[in-house]
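Right, one structure below, let's go through it.
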Amino acid sequence: MTIPTINQNIQEYKNQLLSHSLYEKVKTIDDLHCFLENHIYAVWDFMSLLKALQNKLTCTTTPWLPIGNPEVRYLINEIVVAEETDLAMDGSRQSHFEMYLEAMQQCGANTQEITAFLENVKTTQNIFVSIKQSNLHPNVKAFLDFTFRVIEEGKPHTIAAAFTFGREDLIPSMFTEILKNFQTNFPQTNLSKLIYYFERHIELDTDEHGPMAMQMVTELCGSSETKWREVEATSKQALEKRIGLWNAIEEHITQKELELI
């Protein structure tokens, strides 16, 4: 099996995401806030997939030892540098999660729930307990639970699959266009940081992280058909969970609209 084969076999799931009816539902600033307040969990747990890969593929403990494939070490460390300490709009260094959080605050979205959730994670020291205790939509819970089950299982190639194929790089370009339309229709709302985040995301994924992540999966699977099959299965599940997340956000927006009638 190869990367093109995986892409071909998961295309149906990607198509479902790209043609999802959620995009047409994001019409007002309140709708946008609803999207951001739920999508932030996907931005956050992406960082955990990233750090799980770094822990598995490089030496992050002392005494240091030259673990694994140097090419793979390079690939994951390069991605970590940009995702964890990228250049923000003002030239400072921030993780992409922190950028997204600031963008939410700039446009008036609520960041209290994600902040409280992360405080609970610190308190419980058990992500699965925190997910269960939260008031999140069941689909958002299922999305997070899947991510951390893959991490807990500890297979580098399946973690890489969720990281690489489960986080499609086409949707940010869609949202950049939506946001630019918002900027025109709602000029009183400052979306500059949000647009910067998505444009930066597209730039990195297209030019650097996408090809690097694909190469990492190839290196990790090698000639093992078992690993390739597990990568395909994990990728499909990850995309199914993302579709579920989109369904949850759409449901939230629809419920809010009904409440206003």
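For the structure I just gave you, tell me whether residue 250 is touching a residue at least 24 places away in the same chain (Cβ under 8 Å) and of a type in the set (Asp, Glu). Spelling it out, residue 250 is indeed touching a residue at least 24 places away in the same chain (Cβ under 8 Å) and of a type in the set (Asp, Glu). Within the range 151-170, if we keep just the residues that are open to solvent by 10 Å² or more (accessible area, probe 1.4 Å) and of a type in the set (Val, Ile, Thr), the residue that is modelled with the lowest pLDDT turns out to be 164. Please verify whether residue 129 is without any contact (Cβ under 8 Å) to a residue 40 or more places away in the chain and farther than 17 Å from residue 38 by Cα, treating the condition exactly as stated. Considered against the rule, which asks whether it is without any contact (Cβ under 8 Å) to a residue 40 or more places away in the chain and farther than 17 Å from residue 38 by Cα, residue 129 comes out as yes.
Only one entry of 184, 218, 226 meets the criterion of being of a type in the set (Val, Ile, Thr) and in contact with a helix residue (DSSP H, G or I) (Cβ under 9 Å, 6 or more places away or on another chain), and that entry is 218. Of the helices (runs of 4 or more DSSP H) that lie entirely inside the range 177-261, those containing 3 or more residues that are among the aromatic types (Phe, Trp, Tyr) and closer than 15 Å to residue 36 by Cα span 192-204.
Just wondering, is there one or more residues in the range 70-78 that are under 16 Å from the mean Cα position of the chain (by Cα), closer than 16 Å to residue 217 by Cα, surrounded by fewer than 18 Cβ atoms within 10 Å (Cβ to Cβ) and basic (Lys, Arg)? No, the range 70-78 contains no residue that is under 16 Å from the mean Cα position of the chain (by Cα), closer than 16 Å to residue 217 by Cα, surrounded by fewer than 18 Cβ atoms within 10 Å (Cβ to Cβ) and basic (Lys, Arg).
Filter the range 88-107 down to residues that are without any contact (Cβ under 8 Å) to a residue 12 or more places away in the chain and open to solvent by 70 Å² or more (accessible area, probe 1.4 Å) and give me whichever is farthest from residue 205 (Cα to Cα). Here the answer is 105. Figure legend. Inter-residue proximity from the range 30-57: first residues over 19 Å from residue 186 (Cα atoms), second residues among the basic types (Lys, Arg) and open to solvent by 10 Å² or more (accessible area, probe 1.4 Å), beta-carbon distance below 7 Å, spacing 6+ or different chains. Indicated pairs: 46/167; 57/73. Taking each residue of the range 184-208 that is closer than 20 Å to residue 82 by Cβ and looking for partners that are among the β-branched types (Val, Ile, Thr) with beta-carbon atoms closer than 6 Å, six or more apart or interchain, yields 198/176; 199/176. Scan the range 130-147 residue by residue and report those that are open to solvent by 20 Å² or more (accessible area, probe 1.4 Å) and part of a helix (DSSP H, G or I). Listed by number, the residues that qualify are 132, 133, 138, 139, 141, 142, 145, 146.
Yes/no matrix, rows are residues, columns are (1) surrounded by fewer than 16 Cβ atoms within 10 Å (Cβ to Cβ); (2) among the basic types (Lys, Arg); (3) in contact with a helix residue (DSSP H, G or I) (Cβ under 9 Å, 6 or more places away or on another chain):
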residue: 4; (1), (2), (3): yes, no, no
residue: 22; (1), (2), (3): no, no, yes
residue: 32; (1), (2), (3): no, no, yes
residue: 35; (1), (2), (3): no, no, yes
residue: 43; (1), (2), (3): no, no, yes
residue: 59; (1), (2), (3): yes, no, yes
residue: 63; (1), (2), (3): yes, no, no
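Tell me whether the range 189-197 contains one or more residues that are over 22 Å from residue 10 (Cα atoms), surrounded by 15 or more Cβ atoms within 10 Å (Cβ to Cβ) and within 14 Å of the chain's Cα centre (by Cα). Yes - at least one qualifying residue is present in the range 189-197. Give me the pairs, please: first residue somewhere in the range 229-246 and in contact (Cβ under 8 Å) with a residue 12 or more places away in the chain and open to solvent by 60 Å² or more (accessible area, probe 1.4 Å), second residue anywhere and in a helix (DSSP H, G or I) and among the hydroxyl-bearing types (Ser, Thr, Tyr), beta-carbon distance under 7 Å, and either six or more positions apart or on two chains. Short answer, once both residue conditions are applied: 240/13.
The values are calculated or read from the model by the stated rules, or taken from the named source; none is laboratory data. What you see is a predicted model; the values in this text were computed from it and never measured. Every residue, glycine as well, gets a Cβ built from its backbone with ideal geometry; the counts of neighbours run over all protein chains shown. Heads up: the accessible areas ignore ligands, DNA and RNA and are worked out on the full protein's heavy atoms, side chains in. Shrake-Rupley method; radii C 1.70, N 1.55, O 1.52, S 1.80 Å.
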